[in-house]
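Some notes on the structure that comes next.
The values are calculated or read from the model by the stated rules, or taken from the named source; none is laboratory data. Computed from a predicted structure; not experimentally measured. Cβ placement follows ideal geometry from the backbone for every residue including glycine, while neighbour counts extend to all protein chains displayed. Please note that ligands, DNA and RNA were not included when accessible areas were found on the heavy atoms of the full protein model with its side chains. Shrake-Rupley method; radii C 1.70, N 1.55, O 1.52, S 1.80 Å.
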Amino acid sequence: NTDIALYRAKGLGKNNIQFYTPSMTTEFHQQFLMVNDLMKAIQEEQFILHYQPKVDPKTRKIKGAEALIRWNHPERGILPPDHFIPLAEETNLIIDLGDWVIGEVCKQIKQWLDGGNTIVPISINISAKRFLKDDLVSKLQMILAETNIDPKWLEFEITETSLIQNEIKVLATINALKESGIAISLDDFGTGYSSINYLKKFKVDFLKIDRSFINAIHSSFDDEAIIKSILYLAQELKIKVVAEGVETEEQLDFLLKHKCSLIQGYLFSKPVDVAAFSQLLSKSNDWRRINT
Ligand code: C2E
Ligand code: MG
Ligand code: MG
Ligand code: MG
């Protein structure tokens, strides 16, 4: 299949086009089969979304959730995103996959609303490649129109990699998304080419402090200092902060003390399937009814 070979060759980042031949290395052959598999998986929609709550550290109520993709592979079982997102990016299949995620989240939100459930905004991870392709906003508008969802229920999580590209284009995309009513989070904050300048240039709604910093709470003064500074800076700039990967009560206490808006992590819940998440959400609502 020439298409696949072309996809793959493009992914190699070279200008020469390679075609599949039986003499290719095993590794290449493996990759080739995997791309084939992935294309088929997209056609057959072999993916599922898990949802991980974002919780208010003061009240422990669910205020949002992040949709995280898994590949329900017919032979290999449930595969985490690290196993296929890099290849999807390399081959541009991430565009179709990303659009599937947006559509699926919108359908899910509609289902919750139609069922009379109380819901929270759901965030979607948008890869840099998808973010930078011109048709993101128009595709989004199309999906929103099809599913008839109020965009206030959606958030996009982008990484710093998306911001270091063509500045004018990035600014236009962010502004167009914000005009569409989509909130924007800067994911994995502090790990990439973080520049404080970005926070001034691009008006994001949330910063997500990367798990590596949260991990180091109570073991590294430097990391604690960085977290405190991020929280202080964000507060001054009126950006809300989400802490990723919160696993212990000690970490929660620290974040609460320094006024972190939301926490996400195994302490509260791992990413769970839609049924389990709906249950968490309804429990969180019961809790609110009892306590306020
Ligand atoms: P991310 O967006 O930074 O997501 C956070 C990851 O940390 C998730 O891994 C989540 O399960 C994990 N995590 C959350 N809390 C904890 C914790 O307390 N402890 C530990 N050890 N881990 C925690 P996951 O689901 O494997 O996703 C990994 C990455 O794959 C994501 O990082 C994101 O970059 C990417 N990804 C996931 N879903 C999508 C998607 O739909 N589209 C795109 N483009 N990328 C996605
Ligand atoms: Mg994320
Ligand atoms: Mg993250
Ligand atoms: Mg991450």
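If we scan region 193-206, do we find a residue that is within 13 Å of ligand 1 (Cβ to nearest atom), under 24 Å from Ala128 (Cβ atoms), hydroxyl-bearing (Ser, Thr, Tyr) and open to solvent by 50 Å² or more (accessible area, probe 1.4 Å)?
no
Scanning region 57-92 for residues that are of a type in the set (Gly, Ala, Ser) and surrounded by 14 or more Cβ atoms within 10 Å (Cβ to Cβ), which turns out nearest to ligand 2 (Cβ to nearest atom)?
Ala67
Anything in region 235-292 that is of a type in the set (Val, Ile, Thr), modelled with pLDDT of 95 or more and open to solvent by 10 Å² or more (accessible area, probe 1.4 Å)? List them, or say none.
Result: Ile239, Thr248, Val272, Val274.
Could you count how many residues in region 174-198 are within 16 Å of ligand 4 (Cβ to nearest atom), in a loop (DSSP other than H, G, I, E, B) and on the phi > 0 side of the Ramachandran plot?
Final tally of qualifying residues: 1.
The conditions are (1) in a helix (DSSP H, G or I); (2) open to solvent by 10 Å² or more (accessible area, probe 1.4 Å); (3) without any contact (Cβ under 8 Å) to a residue 40 or more places away in the chain, and Gly116 fails exactly one of them. Which is it?
Gly116 satisfies all of (1) in a helix (DSSP H, G or I); (2) open to solvent by 10 Å² or more (accessible area, probe 1.4 Å); (3) without any contact (Cβ under 8 Å) to a residue 40 or more places away in the chain except (1).
When only residues in region 71-113 that are assigned to a helix (DSSP H, G or I) and basic (Lys, Arg) count, which is farthest from His50 (Cα to Cα)? Don't jump to the end; show me each part of the working.
Applying the first criterion (assigned to a helix (DSSP H, G or I)) to region 71-113 yields 81-83, 85-90, 93-113.
Among the residues that remain, those that are also basic (Lys, Arg) are: 107, 110.
Working: Lys107: 14, Lys110: 17 Å.
Checking each candidate, the answer is Lys110.
Hey, among the residues in region 149-172 that are within 18 Å of Tyr51 (Cβ to Cβ) and of a type outside the set (Lys, Arg), which one's modelled with the lowest pLDDT?
Residues of region 149-172 within 18 Å of Tyr51 (Cβ to Cβ): 149, 152-157.
Those still in the list that are of a type outside the set (Lys, Arg) too: 149, 153-157.
Working: Ile149: 93, Trp153: 97, Leu154: 97, Glu155: 98, Phe156: 98, Glu157: 97.
Restricting to residues being within 18 Å of Tyr51 (Cβ to Cβ) and of a type outside the set (Lys, Arg), the top hit is Ile149.
In region 136-173, what count of residues is obtained for those that are within 16 Å of ligand 4 (Cβ to nearest atom) and within 30 Å of Asp114 (Cβ to Cβ)?
4
Whether any residue in region 164-179 is within 16 Å of ligand 2 (Cβ to nearest atom) and over 29 Å from Ile149 (Cβ atoms) is what I want to check.
The answer is no, given that none of the residues of region 164-179 is within 16 Å of ligand 2 (Cβ to nearest atom) and over 29 Å from Ile149 (Cβ atoms).
Yes or no: region 128-135 includes at least one residue that is among the aliphatic types (A, V, I, L, M) and modelled with pLDDT of 95 or more. Talk me through it step by step, then tell me what you get.
Initially, region 128-135 is screened for residues among the aliphatic types (A, V, I, L, M), giving 128, 132.
From what's left, modelled with pLDDT of 95 or more: none.
So far as region 128-135 goes, no, none of its residues is among the aliphatic types (A, V, I, L, M) and modelled with pLDDT of 95 or more.
In region 216-223, is there at least one residue being under 23 Å from the mean Cα position of the chain (by Cα), among the small types (Gly, Ala, Ser) and either buried (at least 17 other Cβ atoms within 10 Å of the Cβ) or away from ligand 2 (no atom under 16 Å from the Cβ) (or both)? Break it down stepwise before answering.
Pass one, region 216-223, residues under 23 Å from the mean Cα position of the chain (by Cα): 216.
Filter again for among the small types (Gly, Ala, Ser), leaving 216.
Subsequent filtering for residues that are either buried (at least 17 other Cβ atoms within 10 Å of the Cβ) or away from ligand 2 (no atom under 16 Å from the Cβ) (or both) retains 216.
Yes, some residue in region 216-223 is under 23 Å from the mean Cα position of the chain (by Cα), among the small types (Gly, Ala, Ser) and either buried (at least 17 other Cβ atoms within 10 Å of the Cβ) or away from ligand 2 (no atom under 16 Å from the Cβ) (or both).
Taking into account only those residues within region 161-192 that are within 12 Å of ligand 1 (Cβ to nearest atom) and of a type outside the set (Gly, Ala, Ser), which is surrounded by the fewest Cβ atoms within 10 Å (Cβ to Cβ)?
It comes out as Thr191.
Would you mention how many residues in region 199-215 are away from ligand 4 (no atom under 16 Å from the Cβ), assigned to a helix (DSSP H, G or I) and either at pLDDT 95 or above or over 20 Å from the mean Cα position of the chain (by Cα) (or both)?
2
I'd like the residue in region 43-70 that is under 18 Å from Glu247 (Cα atoms) and among the polar types (S, T, N, Q) and, out of all such residues, is nearest to ligand 3 (Cβ to nearest atom).
Among those that are under 18 Å from Glu247 (Cα atoms) and among the polar types (S, T, N, Q), it is Gln52.
In this structure, is Leu231 at pLDDT 95 or above, closer than 18 Å to Lys58 by Cβ and out of contact with any His (no Cβ under 6 Å at 6 or more places or on another chain)?
No.
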